[in-house]
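Step one of this worksheet: look at the structure below.
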């Protein structure tokens with residue numbers, strides 16, 4: 001699971017404005033972050049690997065990726081750390097402001113979709129979600145696969161199997177239909193002016 005925090009002074013800003021100083025927290029160990037970056041063809045720099053920080057560079061844009069951790073010993077401004085998977089514990093030791101959030105798709109975020117959308121709205125935290133269900137619960141916007149379309153395609157594969165096709169001979173298919181859903185009511189509550197060009201590209205706009 002990844003949580004993206006965009007560090008920028010809070011203000012009324014257009015959604016089209018560039019964001020800087022993007023920090024990412026993860027449960028993956030630094031060595032695993034480096035391994036995955038290499039596999040994806042992304043340059044990695046071990047800027048503070050003993051404390052769990054690796055900098056990834058994508059098109060000259062740096063992204064600091066830090067493994068969740070806790071201080072086991074402190075020596076003034078220095079500390080020994082132990083890596084872990086405790087999100088609340090890691091957040092407690094940090095002094096940072098989250099100005100935007102990107103939510104991934106897994107069983108946890110799906111199970112707590114309503115809670116996540118509610119908390120993001122209460123904290124006035126601009127959040128991008130992986131599926132339209134989050135927007136229907138009050139989220140700002142979602143961009144991801146059209147799950148009903150996947151279900152229909154799965155039914156088509158089952159139909160082929162019932163008609164005699166061997167499952168091993170059926171090709172692996174990737175999602176081909178993605179949808180962008182924007183909630184204008186949520187944008188207004190956050191003080192966001194959504195650019196007309198982005199609205200024009202949306203598959204659905206919730207008024």
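Check whether at least one residue in segment 80-88 is in contact with a strand residue (DSSP E or B) (Cβ under 8 Å, 6 or more places away or on another chain), surrounded by 15 or more Cβ atoms within 10 Å (Cβ to Cβ) and not in a helix (DSSP H, G or I), and report yes or no. Reasoning before the result, please.
Initial filter on segment 80-88 (in contact with a strand residue (DSSP E or B) (Cβ under 8 Å, 6 or more places away or on another chain)): 80-84, 86-87.
Of the ones still in play, those that are also surrounded by 15 or more Cβ atoms within 10 Å (Cβ to Cβ) are 81, 83.
Still in the running and not in a helix (DSSP H, G or I): 81, 83.
So far as segment 80-88 goes, yes, one or more of its residues are in contact with a strand residue (DSSP E or B) (Cβ under 8 Å, 6 or more places away or on another chain), surrounded by 15 or more Cβ atoms within 10 Å (Cβ to Cβ) and not in a helix (DSSP H, G or I).
Can you pull out every residue in segment 122-158 that is part of a loop (DSSP other than H, G, I, E, B) and either within 15 Å of the chain's Cα centre (by Cα) or closer than 14 Å to residue 103 by Cβ (or both)? Full working, then the answer.
Here is the first cut: in segment 122-158, the residues part of a loop (DSSP other than H, G, I, E, B) are 123-126, 130-131, 137-140, 146.
Those that are part of a loop (DSSP other than H, G, I, E, B) and either within 15 Å of the chain's Cα centre (by Cα) or closer than 14 Å to residue 103 by Cβ (or both): 123, 125, 126, 130, 131, 137, 138, 139, 140.
With the requirement that a residue be in contact with a helix residue (DSSP H, G or I) (Cβ under 6 Å, 6 or more places away or on another chain) and on the phi < 0 side of the Ramachandran plot, what does segment 79-132 give you?
Pass one, segment 79-132, residues in contact with a helix residue (DSSP H, G or I) (Cβ under 6 Å, 6 or more places away or on another chain): 81, 103, 113, 117, 124, 126-127.
Matches in segment 79-132: 81, 103, 113, 117, 126, 127.
For residues that are assigned to a strand (DSSP E or B) and in contact (Cβ under 8 Å) with a residue 60 or more places away in the chain, scanning just segment 172-207, find the one that is nearest to residue 126 (Cα to Cα). Reasoning before the result, please.
The first filter runs over segment 172-207 and keeps only residues assigned to a strand (DSSP E or B), leaving 178-183, 193, 204-206.
Still in the running and in contact (Cβ under 8 Å) with a residue 60 or more places away in the chain: 193, 204, 206.
On the way: 193: 12, 204: 18, 206: 16 Å.
Among them, the one singled out is 193.
What are the pairs, 6+ residues apart or on separate chains, where a residue within segment 46-71 that is farther than 16 Å from residue 34 by Cβ has its Cβ under 6 Å from a residue that is assigned to a strand (DSSP E or B)?
Close Cβ pairs (under 6 Å, with a partner that is assigned to a strand (DSSP E or B)) amount to 69/81; 69/83; 70/82; 71/79; 71/81.
Given the conditions (1) in a helix (DSSP H, G or I); (2) modelled with pLDDT under 85, and given that residue 117 satisfies all but one, which numbered condition is not satisfied?
(2)
Being at pLDDT below 90 and either part of a strand (DSSP E or B) or in the same structural domain as residue 124 (by TED's automatic domain parsing) (or both) is the filter here; which residues of segment 61-79 pass it?
61, 69, 70, 71, 72, 73, 74, 75, 78, 79
The values are calculated or read from the model by the stated rules, or taken from the named source; none is laboratory data. Here the structure is a predicted model, which means the values were calculated and not measured. Here Cβ is always computed from backbone atoms with ideal geometry, including for glycine, and neighbour counts include all displayed protein chains.
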